[in-house]
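Student: There's a structure below that I have some questions on.
What follows draws every value from the coordinates through simple rules; no lab data is involved. Every value quoted in this text rests on a predicted model; they were computed, and no experiment measured them. Please note: Cβ atoms are built from the backbone with ideal geometry, for glycine as well, and neighbour counts cover all protein chains shown.
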Amino acid sequence: MIDIKLIREDLEEIKNRLSKKGVKPADVEKVFLLDKKYRDILQILEGDKAEQNRISEEISSQKDNEERNKKINSMQALKSQIKESEQKISEIEDDLKKSLNALPNIPAEDALEGDSEDDNKVIKTFEDIPKFDFTVCDHMEIGERLDLIDTKQAALVSGARFFYLKNEAVLLEFALVQFVFENLVKKGFTPLVPPVMIRPEMYMRMGRLQMDQKEERYYMQNDDIYLVGSAEHTTGPLHSDYVFSEKDLPKRYIAFSTSFRREAGTYGKDTKGILRVHQFDKLEMFSFTKPEDSKEEHKFLLSMQENMMQELKLPYQVVEVCTNDMGFTDAKQYDVETWIPSQEKYRETHSCSNTTDFQARGINAKYKNKETGKNELVHMLNATGFAISRILIAILENNQQKDGSVKIPQVLQKFIGKDLIKSKS
RNA sequence: GGAGAGGUGGCUGAGCGGUCGAAGGCGAUAGUCUUGAAAACUAUUGUACGUUCACGCGUACCGAGGGUUCGAAUCCCUCCCUCUCCGCCA
């Protein structure tokens, strides 16, 4: 949730900045007007309540019965007046909350401006695109040939966009998990396995149920609970209604969980293989920082992503995501895209987001500022470690050999005990 | 799933219709004392919102949301959570 005070203080500025994220000025204006109305009524209501409290106190000390009853009777009018104001204010408050909640995070001053994906900017490229002196196979051809991935049976069992991982693919998954934990725990990240289900209220507070995001979530009606789309969603609330000590910041987590996505509205898109699936495992970095440190932290998380990609020797590029293509909660976002030989394209495999105080305000995550003595909102950042299914695609395709085998990245070999995935027959 | 007991400030724990934002204790912070420390003593010690140039003032918060009442931490209803026993289960 964005800070209502910003809208109150400089409506035009916020209108302008949010428009870069595709927000209509009228939607911001609406919040402004509702807030004004809300405060007007609040003042009347609180005045009446103060009066009520005063008279109530008088009643309690009034010994004379007649006087007492007279006072009690005189309260009736005030009482109904208060009730009326309360009704009015709760309606406005609901409306205000809803309208404010629907606004995405304000893009950072230095965020790249743009209207769509096409305006995203490649800011770095690493490692040459591999050259093959044979016809490359896509990950499904490789996966089926080496008995690593089965989507056909998964479709019968669970439906489209599900998969079985088998044999070395499974070992690769756990090698990747080991690899990430080994690297990041050394750097001070706290390992975490969070819940994969989340209550609607907390999901809303994380800014992950707003607008069209809701369509992307699996919801279990019987239990009024959602399946998470990322470990991020339940890692943030680990510190909801929490006050950090300044010395504990930055607090960094490396979380592992399964992610669930409905992929609504993507029919016909990436239908082959395991690029776009309903269920996949993912490692996710998450940081809580002091406000003044979040920019640096954002770069740090990106550098962690790059480090690990470089260790796997996968060709990638870093993209700065433009304002209108950013996530709802993001003030600034980078994506890491990995080269997919069969598509002759870089495809998004990671994202790295600074949500500033947007999510922190929602879940009420603060820290004690020693200088001011006040509790102030922290900044929260999230970044993909590896989205396993997608990085598996990249490994299988980029490391494929002429003889049909696949080379296991060197840093993962020790976890699997071999360097090559060969045909079983 | 069945039966019962509970949720109060950083923690512990009283309060069970008005004088309660809430006793007492612990902890924390500052000061006195001390060569220093401990002990002792003294003081301070929640959050949010509104309002004010500011000192301040007001409102709300005792798991959450409703209700009764002139007045609710206290009474009633719904929900959430924790604990104990039984059942089930990895």
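Student: Given the pairs A:K251/A:K414; A:K313/A:K418; A:K332/A:K366; A:K20/A:K97; A:K30/A:K368; A:K214/A:K295, which are separated by over 24 angstrom at their Cα positions?
Tutor: A:K251/A:K414; A:K30/A:K368; A:K214/A:K295, as the Cα separations exceed 24 Å there.
Student: Decide, for the range A:215-363, between rounded, prolate and oblate: order the square roots of the alpha carbon gyration tensor eigenvalues as a ≥ b ≥ c, take rounded if a/c falls under 1.5, and otherwise choose prolate if a/b is larger than b/c, else oblate.
Tutor: The shape class here is oblate.
Student: How far is the Cα center of the range A:21-80 from the Cα center of the range A:345-413, in Å?
Tutor: 48
Student: What residue among A:S85, A:S74, A:S245 has the largest mean-square fluctuation in a Gaussian network model of chain A, using Cα springs under 10 Å?
Tutor: It is A:S74.
Student: Another one. Please compute the length gained on full extension between A:V157 and A:Q76, using 0.36 nm multiplied by the number of residues separating them and subtracting their Cα-Cα distance.
Tutor: 22.6 nm
Student: For a quick check: with amide H placed at 1.01 Å from N, whose amide H comes under 5 Å from A:V378's, ignoring anything fewer than 5 positions away on the same chain?
Tutor: A:A365, A:K366, A:Y367
Student: Along its principal axes, what span do the Cα atoms of chain A show, with the longest given first and each in whole Å?
Tutor: 102, 44, 41
Student: While we're on this one: Which stretch or stretches of the range A:282-318 have amide N atoms under 17 Å from the point lying 7 Å from A:F181's Cα along the Cα→Cβ direction?
Tutor: Once the point is set 7 Å along Cα→Cβ of A:F181, A:282-286 turn out to lie under 17 Å by backbone N, inside the range A:282-318.
Student: Kindly provide the trypsin sites (Lys or Arg not before Pro) of the range A:20-88 that DSSP labels as loop, not H, G, I, E or B, and whose Cβ sees at most 15 other Cβ atoms within 10 Å. Display every interim value, and only then the final one.
Tutor: Working: sites: A:K20, A:K21, A:K30, A:K36, A:K37, A:R39, A:K49, A:R54, A:K63, A:R68, A:K70, A:K71, A:K79, A:K83, A:K88; in loops: A:K20, A:K21, A:K63.
Taking the range A:20-88 and a limit of 15 other Cβ atoms within 10 Å, the loop trypsin sites (Lys or Arg not before Pro) found are A:K63.
Student: Pick from A:K299, A:K166, A:K124: which is most flexible by mean-square fluctuation in a GNM of chain A where alpha carbon atoms under 10 Å apart are linked?
Tutor: The residue with the greatest mean-square fluctuation here is A:K124.
Student: Please go through the range A:108-137 and write out the chymotrypsin sites (Phe, Trp or Tyr not before Pro) that DSSP classes as loop and that have at most 14 other C-beta atoms within 10 Å.
Tutor: Qualifying residues, ordered by number: A:F132, A:F134.
Student: What is the sum of charges around A:Y316, taking Lys and Arg as +1, Asp and Glu as -1, for the other residues whose C-beta is under 11 Å from the C-beta of A:Y316? Let's see the in-between values first.
Tutor: Details: positive: A:K124, A:K313, A:R347; negative: A:E127, A:E306, A:D335, A:E337, A:E348.
Net charge around A:Y316: -2.
Student: On to the next question. So what's the net charge close to A:L377: Lys and Arg +1, Asp and Glu -1, counting the other residues with Cβ under 11 Å from its Cβ? Intermediate values should be presented prior to the final figure.
Tutor: Numbers: positive: A:K290, A:R361, A:K366, A:K374; negative: A:D3, A:D357, A:E376.
So the environment of A:L377 carries a net charge of +1.
Student: Calculate for chain A the 222 nm mean residue ellipticity that helices alone would give, adding -39,500 (n - 2.57) per DSSP H run of length 4 or more and normalising by residue count, nearest 500 deg cm²/dmol.
Tutor: -13000 deg cm²/dmol
Student: Pop out the ³J(HN,Hα) list for the range A:141-156 in order, Karplus 6.51 cos²θ - 1.76 cosθ + 1.60 with θ = phi - 60°, rounded to Hz; leave Gly and Pro as x.
Tutor: Per-residue couplings from phi come out as 4, 5, x, 6, 5, 9, 6, 10, 9, 10, 9, 5, 5, 4, 5, 5 Hz.
Student: Pop out the ³J(HN,Hα) list for the range A:406-422 in order, Karplus 6.51 cos²θ - 1.76 cosθ + 1.60 with θ = phi - 60°, rounded to Hz; leave Gly and Pro as x.
Tutor: 3J(HN,Hα) across the range A:406-422, in whole Hz: 10, 7, 7, x, 4, 5, 9, 4, 5, 7, 10, x, 7, 10, 9, 9, 10.
Student: Given the options A:I41, A:I149, A:I55, which has the most mean-square fluctuation in a GNM of chain A, springs set between C-alpha atoms less than 10 angstrom apart?
Tutor: Among A:I41, A:I149, A:I55, the largest GNM mean-square fluctuation belongs to A:I55.
Student: Let me ask you something else. I want the local charge near A:L209. Using Cβ-Cβ distances under 11 Å, sum +1 for each Lys or Arg and -1 for each Asp or Glu among the other residues.
Tutor: Cβ neighbours under 11 Å give a net charge of +1.
Student: Give a quick list of trypsin sites (Lys or Arg not before Pro) in the range A:352-425 that DSSP marks as loop, anything other than H, G, I, E or B, with at most 16 other Cβ atoms within 10 Å. Please report the intermediate quantities before stating the final value.
Tutor: Details: sites: A:R361, A:K366, A:K368, A:K370, A:K374, A:R390, A:K402, A:K407, A:K414, A:K418, A:K422, A:K424; in loops: A:K370, A:K374, A:K402, A:K418, A:K422, A:K424.
Answer by residue number: A:K370, A:K374, A:K402, A:K418, A:K422, A:K424.
Student: Let me ask you something else. If you place +1 on the Cβ of every Lys and Arg, -1 on the Cβ of every Asp and Glu, and leave all else neutral, what size is the dipole of chain A about its Cα centre, to the nearest 20 Debye?
Tutor: 880
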